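A.B. asks: Structure below; questions to follow.
The values are calculated or read from the model by the stated rules, or taken from the named source; none is laboratory data. Everything numeric in this text was worked out from a predicted model, so none of it was measured. Here the Cβ positions follow ideal geometry from the backbone for every residue, glycine too, while neighbour counts run over all protein chains shown.
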Amino acid sequence: MALSLRTLRNAWTVARLEWQLEWRQGHQLAAVGLFAVASVYVAFQASDQRTDPASWTAMLWLVYLFSGFTAIGRLFDRERSDVRRYLQWTADPLGLILGKLFHSILTTTALTALVLGAFILFLGWPQGAGELTKPALLVLGAWLGGLSITVTLVFVSAVASQVRAGSGALGAVLGLPLLLPQLILSTRLTRGALSDTPWAILAEYPLFLAAISAGTATLACILFPYIWRA
Amino acid sequence: MNGAWNWIWKGGGIVLLAYVILRGFSTPLQPGLVTAAPSQLKLGMQTVTLTAAGQPFGKEGASLSEFTVVLRAGDQLLKTETQEVQPHGITVAVNVPGVLPSRALDAFVFTPSAGTLFLGNACFVEEAAKGDIPTSYVANKPDESTPQLGFSFPFQPNIIESIRNLLWHVPMWFSMFFIMGLGFVASLGQLRTGKVMWDLRAEAAVRTGLLFGLLGLATGSLWARWTWGAWWVSDPQLNGALVTVLLYSGYLILRSAMGDDDRVGRLAAVYNVFAFVMLVILLMVLPRYTESLHPGKDGNPGFNKYDLDNSLRAVFYPAVIGWGSLCYWMYTLRLRMNRIAYSLLSR
């Protein structure tokens, strides 16, 4: 497994291909957006416009989690069919998984903007949170937490796509336990960003999330060739 | 492995477990104070009863004068008069002065044969003013006796008799880690060589490990109810334990979803390697950085070295070996089943 220039070029091609296909097959992109906004609207209605920081955080991450499942869960669907045979000849597995991981970074950015934006638009700030003193930490926490979720989901959907029947539900079953630690850290960080906890105490959470993302991405790169080489 | 060696480790494991169960339940606990009644004291003369758990701290035929109780306020000692000694309790008369260095009183019971028993913050005196204890109320520090208790388990506040769970809960988690580690190595072997035998080993290991994980969770939950008051609490150690069980359940679900697909071995191995690395991060690394109720919270997710005394060690180490060998034995049985099933299916 050597990281060559060709691998990186492959990765870039795969990532660009993913993004172009997302744009051209607009319905899939729209499906994720609709899911996210509709969930936020349900949260807005259910909370009756009154939320405390804890329930605000809980709803934010639930919406984020299932939007992530919708966006990343079908990432390897195309590779089930003839496209797979084509890619097996042209792209090396490392390039392919790196491309998918690049794509997940882009997805994370879009999802963070969408979900966080919709939350602030509909629900506003939670009551009792006081003045928001750390907006940068809130956004950074949402992005890093989202990244740790989507990176893990890339690996999970790669595994689940190998199973012929019912891989959608399987992705959720395999993914949820793997995502629990990331979600525990993310929710704590968001709660902290909404409270008056000082920066210095919360500083280790972004580091943890970044380390988990990097670790899972590395593991996915090491293990993916074994999944791919069927 | 030849036949004789097989008999030795299997038989040895059973003998050790029998010893652990017998010794673990029959060994008495060292005495220790549990409660003081009443816990709120008034000023003036009154009686206080201190209740103990564990083996009786009184000696047969000992006289009242051999038991001394002092109450400590701040750094000063308040004297009492022993009135009655029962096997698990002692009643004293105490004259509470109007001035005390601290409103909280710690109790010390000096016994002839069981050493000194201690209960922190045993009683409170709401009405006391702050100041030194008048000299006529002050006690001299009595002589401490050397405990002559024989083979007994240490007394830990809050844990008390449930300390025996240490011989079940902890070795079960150790066994789970051991066998999951074996499964991890088997999965690496599967990925390296692609041989079916490694996959059968990994499957057997995960199945056995999951059983021990569930047992560890059940015994841990019982212990949490007894010491922390709830069957489940939000705690990094417990979150990690739950995730472990869910992860390996996912492994078995993945296998059964694949059915008789011939890629099942490799895919399951990939998932197992991923799961094990996440598990190590979860259980070893994360709890060290967040607060935990679980023992060993200061950087080490095990029992503190001071909590394990020699009597407990004499049963705990055999328990680790005994449960470990039982776990490995179960794994070999499952592996044999897997091999037979595989050879029948591939005929």
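A.B. asks: Among B:Leu167, B:Leu117, which is touching a residue at least 12 places away in the same chain (Cβ under 8 Å), assigned by TED's automatic domain parsing to the domain that holds B:Phe212 and surrounded by 13 or more Cβ atoms within 10 Å (Cβ to Cβ)? Explain how you work it out, then say what you get.
C.D. replies: On the way: B:Leu117 fails: assigned by TED's automatic domain parsing to the domain that holds B:Phe212.
Of B:Leu167, B:Leu117, the one residue that is touching a residue at least 12 places away in the same chain (Cβ under 8 Å), assigned by TED's automatic domain parsing to the domain that holds B:Phe212 and surrounded by 13 or more Cβ atoms within 10 Å (Cβ to Cβ) is B:Leu167.
A.B. asks: Another question, if that's okay. Of the conditions (1) within 14 Å of chain A (Cβ to nearest Cβ); (2) of a type in the set (Val, Ile, Thr); (3) buried (at least 21 other Cβ atoms within 10 Å of the Cβ), B:Thr208 fails just one. Which one is it?
C.D. replies: In the conditions (1) within 14 Å of chain A (Cβ to nearest Cβ); (2) of a type in the set (Val, Ile, Thr); (3) buried (at least 21 other Cβ atoms within 10 Å of the Cβ), B:Thr208 misses (1) alone.
A.B. asks: Now for a separate question. Determine which single condition A:Gly141 fails, assuming it passes every other condition in (1) within 11 Å of another protein chain (Cβ to nearest Cβ); (2) buried (at least 23 other Cβ atoms within 10 Å of the Cβ); (3) not β-branched (Val, Ile, Thr).
C.D. replies: (1)
A.B. asks: Hey, another quick one. Quick one: how many residues across region B:149-205 are away from chain A (no Cβ under 14 Å) and part of a helix (DSSP H, G or I)?
C.D. replies: Going through region B:149-205 one residue at a time, the tally reaches 33.
A.B. asks: Still on this structure, I have one more. Test each condition in (1) at positive phi; (2) touching a residue at least 60 places away in the same chain (Cβ under 8 Å) for B:Gly74 and report the one that comes out false.
C.D. replies: (2)
A.B. asks: Another question, then. Considering A:Gln49, A:Gln20, A:Gln28, which residue is in contact (Cβ under 8 Å) with a residue 40 or more places away in the chain, of a type outside the set (A, V, I, L, M, F, W, C) and under 22 Å from A:Ile105 (Cβ atoms)? Full working, then the answer.
C.D. replies: Numbers: A:Gln49 fails: under 22 Å from A:Ile105 (Cβ atoms); A:Gln20 fails: in contact (Cβ under 8 Å) with a residue 40 or more places away in the chain.
After ruling out the rest, the residue left standing is A:Gln28.
A.B. asks: Looking at region B:212-266, which of the residues that are within 11 Å of chain A (Cβ to nearest Cβ) and among the basic types (Lys, Arg) is farthest from the chain's Cα centre (by Cα)?
C.D. replies: Checked region B:212-266; the qualifying residue farthest from the chain's Cα centre (by Cα) is B:Arg263.
A.B. asks: Of the conditions (1) modelled with pLDDT of 85 or more; (2) in contact with a strand residue (DSSP E or B) (Cβ under 8 Å, 6 or more places away or on another chain); (3) loosely packed, with under 15 Cβ neighbours inside 10 Å, B:Thr135 fails just one. Which one is it?
C.D. replies: (2) is the only condition that B:Thr135 fails.
A.B. asks: Does A:Arg164 satisfy the criteria of being basic (Lys, Arg), in contact (Cβ under 8 Å) with a residue 24 or more places away in the chain and over 15 Å from A:Leu65 (Cβ atoms)? Give the steps one after another, and end with the answer.
C.D. replies: Values: basic (Lys, Arg): yes; in contact (Cβ under 8 Å) with a residue 24 or more places away in the chain: no; over 15 Å from A:Leu65 (Cβ atoms): yes.
Here the answer is no, as A:Arg164 does not meet what is asked.
A.B. asks: Tell me yes or no: at least one residue of region A:159-170 is assigned to a helix (DSSP H, G or I), more than 9 Å from chain B (Cβ to nearest Cβ) and crowded, with 23+ Cβ neighbours inside 10 Å.
C.D. replies: Within region A:159-170, none of the residues are assigned to a helix (DSSP H, G or I), more than 9 Å from chain B (Cβ to nearest Cβ) and crowded, with 23+ Cβ neighbours inside 10 Å.
A.B. asks: Could you tell me whether A:Asp77 is under 25 Å from A:Val163 (Cβ atoms), exposed (fewer than 15 other Cβ atoms within 10 Å of the Cβ) and either in contact (Cβ under 8 Å) with a residue 12 or more places away in the chain or in contact with an Asp or Glu (Cβ under 7 Å, 6 or more places away or on another chain) (or both)?
C.D. replies: yes
A.B. asks: Return yes when B:Thr219 is within 30 Å of B:Val34 (Cβ to Cβ), without any contact (Cβ under 8 Å) to a residue 60 or more places away in the chain and among the β-branched types (Val, Ile, Thr) and no when it is not.
C.D. replies: On the way: within 30 Å of B:Val34 (Cβ to Cβ): yes; without any contact (Cβ under 8 Å) to a residue 60 or more places away in the chain: yes; among the β-branched types (Val, Ile, Thr): yes.
So B:Thr219 passes the test.
A.B. asks: For region A:208-227, give me each residue that is at the interface with chain B (Cβ under 10 Å from one of its Cβ atoms) and hydrophobic (A, V, I, L, M, F, W, C). Step through it out loud before you land on a result.
C.D. replies: At the first step, the residues of region A:208-227 found to be at the interface with chain B (Cβ under 10 Å from one of its Cβ atoms) are A:208, A:211-212, A:215-216, A:218-220, A:222-227.
Listed by number, the residues that qualify are A:Phe208, A:Ala211, A:Ile212, A:Leu219, A:Ala220, A:Ile222, A:Leu223, A:Phe224, A:Ile227.
Listed here are the residues, each with its yes/no results for (1) at pLDDT 90 or above; (2) surrounded by 17 or more Cβ atoms within 10 Å (Cβ to Cβ); (3) part of a loop (DSSP other than H, G, I, E, B).
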{"site": "B:Ala230", "(1), (2), (3)": "no, no, yes"}
{"site": "B:Ala257", "(1), (2), (3)": "no, yes, no"}
{"site": "B:Asp262", "(1), (2), (3)": "no, no, yes"}
{"site": "B:Leu267", "(1), (2), (3)": "yes, yes, no"}
{"site": "B:Phe274", "(1), (2), (3)": "yes, yes, no"}
{"site": "B:Leu293", "(1), (2), (3)": "no, no, yes"}
{"site": "B:Tyr306", "(1), (2), (3)": "no, no, yes"}
{"site": "B:Trp323", "(1), (2), (3)": "yes, yes, no"}
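A.B. asks: Within region A:127-139, is even one residue assigned to a helix (DSSP H, G or I) and in contact (Cβ under 8 Å) with a residue 60 or more places away in the chain?
C.D. replies: Filtering region A:127-139 down to residues assigned to a helix (DSSP H, G or I) leaves A:135-139.
Next, only the ones that are in contact (Cβ under 8 Å) with a residue 60 or more places away in the chain stay: A:137.
Checked region A:127-139: at least one residue is assigned to a helix (DSSP H, G or I) and in contact (Cβ under 8 Å) with a residue 60 or more places away in the chain.
A.B. asks: Let me ask something else about it. Looking at the structure I just gave you, is A:Ser4 free of Cβ contacts under 8 Å to residues at least 60 places away in the same chain, of a type in the set (S, T, N, Q) and surrounded by 15 or more Cβ atoms within 10 Å (Cβ to Cβ)?
C.D. replies: Working: free of Cβ contacts under 8 Å to residues at least 60 places away in the same chain: yes; of a type in the set (S, T, N, Q): yes; surrounded by 15 or more Cβ atoms within 10 Å (Cβ to Cβ): no.
No, not satisfied.
A.B. asks: Still on this structure: Take region A:180-200 and flag every residue that is away from every other protein chain (no Cβ under 12 Å), aliphatic (A, V, I, L, M) and either surrounded by fewer than 22 Cβ atoms within 10 Å (Cβ to Cβ) or closer than 30 Å to A:Arg78 by Cα (or both).
C.D. replies: If the condition is that a residue be away from every other protein chain (no Cβ under 12 Å), aliphatic (A, V, I, L, M) and either surrounded by fewer than 22 Cβ atoms within 10 Å (Cβ to Cβ) or closer than 30 Å to A:Arg78 by Cα (or both), then A:Ala200 is the only one that fits.
A.B. asks: Tell me yes or no: at least one residue of region A:74-97 is closer than 25 Å to A:Leu17 by Cα, of a type in the set (Ser, Thr, Tyr) and part of a loop (DSSP other than H, G, I, E, B).
C.D. replies: Pass one, region A:74-97, residues closer than 25 Å to A:Leu17 by Cα: A:74-97.
Next, from what is left, pick out any that are of a type in the set (Ser, Thr, Tyr): A:81, A:86, A:90.
Now restrict to residues that are part of a loop (DSSP other than H, G, I, E, B): A:81.
Within region A:74-97, one or more residues are closer than 25 Å to A:Leu17 by Cα, of a type in the set (Ser, Thr, Tyr) and part of a loop (DSSP other than H, G, I, E, B).
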